[in-house]
2 protein chains.
Amino acid sequence: MSAEKTADGTVGKALEVLDSVAAYGRPVRFSELQTSSPYPKATLYRLLQTLVRQQMVNLNETDGTYSVGLRLVKLAHAAWETASLAPIARAHVAALAEQVEETVHLAQFEAGQVLYVDKRKSNDQFETLAQVGKVAPAYCTGVGKAMMAFLGPKQLQLALNQQAFHRYTPATLTNADQLQAELEHIRADGVAFDREEHEQGTISIAAPALTSEGRVIGAISIATSTARKTIDDLNRLKPDLLQAAEHIGQEATSWQFPA
Amino acid sequence: MSAEKTADGTVGKALEVLDSVAAYGRPVRFSELQTSSPYPKATLYRLLQTLVRQQMVNLNETDGTYSVGLRLVKLAHAAWETASLAPIARAHVAALAEQVEETVHLAQFEAGQVLYVDKRKSNDQFETLAQVGKVAPAYCTGVGKAMMAFLGPKQLQLALNQQAFHRYTPATLTNADQLQAELEHIRADGVAFDREEHEQGTISIAAPALTSEGRVIGAISIATSTARKTIDDLNRLKPDLLQAAEHIGQEATSWQFPA
DNA sequence: CATAAAGTTTCATATAATGGAACTAAAGTT
DNA sequence: AACTTTAGTTCCATTATATGAAACTTTATG
């Protein structure tokens, strides 16, 4: 485990146990948790009981399985309401999806990563929470590069240090210099492109959502497959995209959304 | 603080701090957290730094405020996916709302309380997460009584002990004997009514969703105001409600949803 | 019924956390 | 500009909490 996590003693351990329960995505028995835990059996057991008493984990006494608990769901909800741009931006995301007839993503920048907070396909009857909440790297996604390009210098330096530059496809940018050059282009052009950098066959055009003071609060993108459209096709959607991004920025500023 | 929380030492304290950050619902400064914290300044500060390092809390270095962090949002998402009946039940909730043209709620039973996991109004274009995740008492809500009525005896006893019997309106049931008698009626009738017991002017009819083995996994309700409809009007919707509840139970059983 | 596996508890010892006091930085006042 | 107040941060002797191997209990299996 990382030195950072070690430094956080009991709390760090408890949260790691919580993560492992959550990661199973289904109720899990103690012995299963034990097989993948770095902790001695007694330690794991005690941490788990603490989490159960704190209602972060639920113990189903009928079959002896553990699953995420009510208190976490409550915290989850508070986290979503406080930190998510999705409620404010929803109408604009929906309108853009209808207009361009492609998948539209809304994302935020957190700890150097991209967090998808909304996704809308024009023919969906509803959006599902299961589609949002996903985290992706910033350096090789449209929304990630769009947000990085408009960060202040201090935040940008920190963000650059937080990129792993793992090569996902042959098109992935794999070092900070390449990325910096790309970000200059994006700043000049106003939009970012994902040219199959994260996922082969997937391209997108993205624009940052900025407050009236120019601070990055998120990004919106139109994504499609190379089978359906080309980068030039996406570029033709630039005006609609920029307008939606600007609307989101304006609305967030009027709501005094934290940036 | 309760003895239970005290017994959980540092983890309990850290979670309490996390709760208080989440409860603000907006970015908050250290001094504000301090005013309502039971902990000495140094202790609060150190717990907060631990949560920041663990990414459960985010520190905005620009304005020195704390807010919920990415890791909590990730855990949130996992919690939702694992523990929520909402994705499985969604189509049935939507169909019922369309059919009866009133607000339909979907809820689950957790730690003696009702957790709303979906809500649909027939004329909504979308549902918002902000509407779900709310917790309510069981003894004076339609969904709560519907679920309690079909609990096994051991679980029912525990659940009865978890009710506060606070009087919300003149119609609120305020002791276990009254509630037990009401639950007998509900078992016989198959549905529960909220007769302005939780909120003046709000009435509802609710039915439990049961697995094929008869275990309670949730409840669904049709809620309206006394200005719009009477209890008799709601009773006429009983067949549609029971059918939707049964469909949800069947689908959950086929998905092997944990009960 | 015996054995194995899973879950739970004990307690001497080790480690982590505490919190008053002091320090540093930022904001406010004169 | 200087001083005061408030907010944020760090120190470290002391205290509290956590640890984890071993043992025990319960449940499952052959």
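The values are calculated or read from the model by the stated rules, or taken from the named source; none is laboratory data. As the structure is a computational prediction, the values presented were derived from the model and not from experiment. Here Cβ is always computed from backbone atoms with ideal geometry, including for glycine, and neighbour counts include all displayed protein chains. Surface accessibility is based on the protein's heavy atoms, side chains included, excluding ligands, DNA and RNA. Shrake-Rupley method; radii C 1.70, N 1.55, O 1.52, S 1.80 Å.
Miscellaneous remarks
- Scan the stretch B:183-201 for residues that are within 16 Å of B:A138 (Cβ to Cβ) and under 21 Å from the mean Cα position of the chain (by Cα) and the total you get is 10.
- Selected residue (criterion: farthest from DNA strand C (Cβ to nearest atom)) from residues of the stretch A:77-93 that are at the interface with chain B (Cβ under 8 Å from one of its Cβ atoms) and open to solvent by 10 Å² or more (accessible area, probe 1.4 Å): A:R90
- Breaking point among (1) touching a residue at least 12 places away in the same chain (Cβ under 8 Å); (2) open to solvent by 50 Å² or more (accessible area, probe 1.4 Å), for B:A181: (1)
- Residues of the stretch B:32-65 that are within 12 Å of chain A (Cβ to nearest Cβ) and closer than 20 Å to A:R71 by Cα: B:L47, B:L48, B:T50, B:L51, B:V52, B:Q54, B:Q55, B:M56, B:V57, B:N58.
- Test: A:L47 is within 30 Å of A:Q108 (Cα to Cα) and within 16 Å of DNA strand D (Cβ to nearest atom): no
- The listed residue being under 30 Å from A:E61 (Cα atoms) and open to solvent by less than 50 Å² (accessible area, probe 1.4 Å), out of B:L156, B:L234, B:L241, B:L210: B:L156
- The stretch A:40-61 residues that are open to solvent by less than 80 Å² (accessible area, probe 1.4 Å), paired with ones that are near DNA strand D (Cβ under 6 Å from one of its atoms) (beta carbon under 6 Å, 6 or more apart): A:L47/A:K13; A:T50/B:V11
- Among residues of the stretch B:1-19 being modelled with pLDDT under 75, facing another protein chain (nearest Cβ under 9 Å) and assigned to a helix (DSSP H, G or I), the one that is nearest to DNA strand C (Cβ to nearest atom) is B:K5.
- Residues satisfying the stated conditions in the stretch B:176-228, i.e. of a type in the set (S, T, Y) and closer than 16 Å to B:E246 by Cβ: B:T211, B:S212, B:S221
- All conditions but one from (1) within 16 Å of DNA strand C (Cβ to nearest atom); (2) in contact (Cβ under 8 Å) with a residue 40 or more places away in the chain; (3) of a type in the set (S, T, N, Q) apply to B:Q34; the one that does not is (2).
- Filter result for the condition that a residue is crowded, with 22+ Cβ neighbours inside 10 Å and away from DNA strand D (no atom under 11 Å from the Cβ), over B:Q99, B:Q108: B:Q108
- Condition check for A:V73: of a type outside the set (D, E, K, R) and more than 8 Å from chain B (Cβ to nearest Cβ): no
- Selection status of B:G214, under 26 Å from B:A91 (Cβ atoms), assigned to a loop (DSSP other than H, G, I, E, B) and assigned by TED's automatic domain parsing to the domain that holds B:R120: yes
- When residues of the stretch A:20-32 are limited to those that are within 15 Å of DNA strand D (Cβ to nearest atom) and at pLDDT 90 or above, the one nearest to B:A79 (Cα to Cα): A:S20
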